[in-house]
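> Before anything else, here's the structure in question.
The values are calculated or read from the model by the stated rules, or taken from the named source; none is laboratory data. Since we're looking at a predicted model, the values are computed, not measured. Here Cβ is always computed from backbone atoms with ideal geometry, including for glycine, and neighbour counts include all displayed protein chains. Surface areas here come from the heavy atoms of the whole protein model, side chains and all, with no ligands, DNA or RNA. Shrake-Rupley method; radii C 1.70, N 1.55, O 1.52, S 1.80 Å.
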Amino acid sequence: MSTGTGADSAPGHISTPSTAATADRAVAAPAGKGSMFSSLKIRNYRLFATGQVVSNTGTWMQRIAQDWLVLSLTGSASAVGITIALQFLPMLMFGLYGGVLADRLPKRPLLLATQSAMGLTGIALAVLTLAGHVQVWHVYLAAFAIGLVTVVDNPARQTFVPEMVGKDQVANAVSLNSANFQSARLVGPAIAGVLITAVGSGWAFLLNGLSFAAPLAGLLLMRTHELHPVEPRPRAKGQLREGLRYVAGRPELIWPIVLVGFIGTFGFNFPIWLSAYVSDVFHGDAGTYGLFNTLIAAGSLAGALLAARRGQSRLRVLVAAAVLFSALLLVTAFAPGFWLFAALLVPIGIFGLTVNVTANSSVQMATDPEMRGRVMALFMMVFTGGTPLGAPLLGWITDTYGARIGMAAGGMISLLASVAIAVVLARVGNLRVRLSRRGVTFVPAVSRPRELVTVA
């Protein structure tokens with residue numbers, strides 16, 4: 001078992017399995033499998049989830065409006081890629097420092113500050129757009145500002161979840177957070193498409209800014225005595241290096257983080273690809289762009305609810321979902337017709353979300369509470385922080401060689417990384433792949449007992 005104050009909530013990273021069934025168990029299993037919505041029985045989490053679904057809807061409205069506005073101002077998929085890159089560049093540059101702050105400071109006051117700042121940024125961009133003075137550099141600046149706030153907001157939100165629900169409901173709450181985000185993704189793009197077509201992007205920006213009133217109200221209404229707070233870490237030298245050493249010594253942490261890094265950098269560039277398909281392949285409009293995002297969101301919502309129902313986080317599920325997600329990107333890239341392309345976006349959403357949720361909950365449950373801010377900051381840094389590297393590259397490929405080649409390139413890189421990490425996990429755990437009627441499972445490569453890293 002892990003040592004330290006969080007030992008009772010973090011699974012051991014080394015085990016001694018005596019059978020193949022042991023090697024195939026979950027990374028961490030909750031105390032008992034509850035209902036799909038079990039964490040919503042907790043009042044503080046209900047307030048948090050309600051506020052987030054309103055705010056997330058506004059966030060998706062702004063994302064669609066932002067991408068479409070940049071495309072309208074410049075006519076370039078590369079410019080959309082630059083916007084995305086600027087939004088995630090701060091995470092790449094400062095993400096680990098955000099995790100240090102999340103471990104040092106109380107989460108609830110920290111979130112009140114970050115959510116307020118993001119709301120004000122949306123309102124500022126709305127004023128510029130509605131006044132008719134917006135230029136592409138304004139959008140770039142707003143994207144970068146949101147990225148700076150997200151450096152602290154992301155690890156704070158991720159690590160606040162266990163404080164609201166307790167250790168037994170972490171996996172369920174993480175899955176419902178994703179379901180919450182994807183539910184908003186179903187509504188936000190549709191509203192944004194109507195608003196952009198009818199009155200312009202400015203109103204989408206304004207509604208996003210105002211939507212942050214909901215999470216702020218939820219945070220203020222929480223009963224603080226019902227939280228499960230983790231004692232903030234005092235300021236000390238070497239905390240950043242301590243977090244990196246902690247992850248480096250645990251294969252059940254580092255390999256899921258590496259995998260989501262590749263998937264996030266090269267596989268989650270949908271604003272670039274979908275805007276290019278709409279404008280260059282299918283010759284659609286903002287409504288078509290909203291439809292494509294809604295279909296991915298529908299699949300993502302299904303994936304999140306399935307993860308909440310599953311209640312466990314298995315690395316074999318993570319690897320399988322990553323392989324299927326990447327393969328679907330390749331197939332979808334060369335879909336010959338509009339409706340086939342649109343239909344394939346749904347399973348892409350299912351498997352893409354499964355990768356995200358499974359990796360997230362696996363890493364959270366395998367981490368000691370006092371280290372969780374730094375570990376989750378590293379997780380988010382590689383998942384979203386790689387976008388400044390991947391988005392401009394894939395935007396250039398898309399502009400130069402077309403939308404189909406751009407999407408296929410992202411799928412191929414993601415697929416190669418997924419297969420390579422599956423092999424590494426099998427070698428680290430001294431496992432081999434066995435095909436059976438039950439599907440693909442990992443079994444010990446030798447019959448004699450030895451220490452294995454639990455990877456399946």
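> Between residue 424 and residue 334, take the C-beta separation as r, use R0 = 41 Å, and let me know the FRET efficiency to the nearest 0.05.
Between residue 424 and residue 334 the formula returns 0.90.
> So how do 416-425, 64-73 stack up, highest first, on mean other-Cβ count within 10 Å?
Per-residue Cβ counts within 10 Å, averaged per peptide and sorted highest first, yield 64-73, 416-425.
> To continue, here is another question. Quick check: Cα centre of segment 286-304 to Cα centre of segment 378-419, how many Å?
19 Å
> Give, in nm to one decimal, the length gained when the segment between residue 244 and residue 41 is fully stretched (0.36 nm per residue of separation minus the Cα-Cα distance).
That pair, residue 244 and residue 41, stretches by 69.5 nm at full extension.
> Once you have a ≥ b ≥ c as the square roots of the Cα gyration tensor eigenvalues for segment 199-296, tell me rounded if a/c is under 1.5, and otherwise prolate or oblate according to whether a/b is larger than b/c.
Working: a/c = 3.22, a/b = 1.41, b/c = 2.29.
Verdict is oblate for segment 199-296.
> Another question, then. Please list 129-135, 368-374, 111-117, 46-52 highest first by mean number of surrounding beta-carbon atoms within 10 Å per residue. Each step should come with its number before you reach the end.
Working: 129-135: 13.7, 368-374: 23.7, 111-117: 18.1, 46-52: 21.1.
In descending order of packing, they fall as 368-374, 46-52, 111-117, 129-135.
> If you add up the charges near residue 163, with Lys and Arg at +1 and Asp and Glu at -1, over every other residue whose beta carbon is less than 12 angstrom from its beta carbon, what do you get?
+3
> Moving on. Per residue, how much accessible area does segment 76-129 show when a 1.4 Å probe rolls over the protein heavy atoms, in square angstrom?
On the way: 1890 Å² over 54 residues.
Here the per-residue accessible area is 35 Å².
> A further question on this structure: Keeping all protein chains in place, calculate the accessible area per residue for segment 166-303 (probe 1.4 angstrom), answer in Å².
Value returned for segment 166-303: 40 Å² of accessible area per residue.
> In addition: Of all accessible surface on segment 112-199 at a 1.4 Å probe, what whole percent is carbon and sulfur?
It is 71 percent, rounded to a whole number.
> Counting only protein heavy atoms and using a 1.4 Å probe, what share of the accessible area of segment 325-399 belongs to carbon plus sulfur, as a whole percent?
Numbers: 1580 of 1940 Å².
Of all accessible area on segment 325-399, carbon and sulfur atoms account for 81 percent.
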